[in-house]
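What follows is a short report on a single structure.
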Amino acid sequence: MQITQFNPKEIALKKAQEEYLRKMNIAAELLITRELSIYYSDIMQEVDKDTQASCRSILSWLNDYSSSRDGKKIYRAGIISLYKETHKDHFINGVWQAYNLPELIDFTIKKLTDKNFVGSKSKAALFKTSFLDETWFRQAVSVIGLKMLEDNENLNGLTSNTAKELIFIRKVIKMSYEKTGQIIGRSTKNHNAEYMREELKEITTQTYKFVQQHLKNFILANTEEIALLKEFEGEYFKALKDTRMILLSA
């Protein structure tokens, strides 16, 4: 008679699967952050404005939209909200598992090339043309993935130490830029150039020290994780390419 549910083989298989998925998570996070820039628009600098969808248009459809018109509230769920609602198994305790990147992109392509979702045939056609361009597609993947990783960072849910450092550094530099803009605005208003110089010097010094320290951490974490990226990137690239071509050939 069996008196225990202890099963070493099942435990070993579960642990092996968890470790494999952890490594795939790291690789996916690095794949996304490889194109990282301070602003989303910087990631997609090479966009042809006449023939390709802009970074701003991607973000507008990824995000929720709400407004008031004639006293009535208007709300449209964005692609990310719809994805979270229909792919709950892609999240653990609210944290997106980045190895699901190909399925996220699959979902996004379907939405952006659906005339009923984006509102017109011309908009859907523009997105389809854009996705067919390899450079645009690669950069769009980074923008879409980064939106998810930012949520993960807020939940302390990033798996890759390298991605943690890069996204946190990005956040600090972005805040530094915003503070700089505020200082310039105040100094222009008050005509106080000396105040502006001192404040900018302090912000620059503090930001430099912060980035210097975190770059050291980034370098230390880099070697092992970059090896994981090299191990898995071929599989991710193939899955993303197959997803794109199957959907867009229809």
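Derivation of every value follows stated rules applied to the coordinates shown; laboratory data play no part. Just so it is clear, the model here is predicted, and its values are computed rather than measured. With ideal geometry, Cβ positions are generated from the backbone for all residues, glycine too; neighbour counts draw on all protein chains shown.
Of note:
- Part-to-part distance (alpha-carbon centres) for segment 126-151 and segment 19-95, which is given in Å: 9
- For segment 45-84, the Kirkwood hydrodynamic radius comes to 11.8 Å, computed from all pairs of different C-alpha atoms.
- Pairs over the 21 Å Cα-Cα cut-off, from the set LYS84/LYS171; LYS110/LYS238; LYS73/LYS174: LYS84/LYS171; LYS73/LYS174.
- One chain, two ends: ASN222 and PHE168. Fully extended at 0.36 nm per residue, the span grows by 17.9 nm beyond their Cα-Cα distance.
- Residue-wise HN-Hα couplings along segment 140-148, as the Karplus relation 6.51 cos²θ - 1.76 cosθ + 1.60 with θ = phi - 60° gives them from phi, are 5, 4, 5, 5, 5, x, 5, 4, 6 Hz; Gly and Pro carry x.
- Coil-residue GluC sites (Glu not before Pro) of segment 29-85, DSSP, other Cβ within 10 Å capped at 12: GLU46
- Put simply, when 88-100, 128-140 are sorted by average Cβ atoms within 10 angstrom per residue, most first, you get 128-140, 88-100.
- Listed by Cβ neighbour count within 10 Å, with the fewest neighbours leading, ILE32, ILE167 appear as ILE167, ILE32.
- Taking only the Cα atoms of segment 49-186, the ratio Rg/Rh comes out at 1.01, with Rh defined as the Kirkwood radius.
- The order of ILE58, ILE80, going from fewest to most other C-beta atoms within 10 Å of their C-beta, is ILE80, ILE58.
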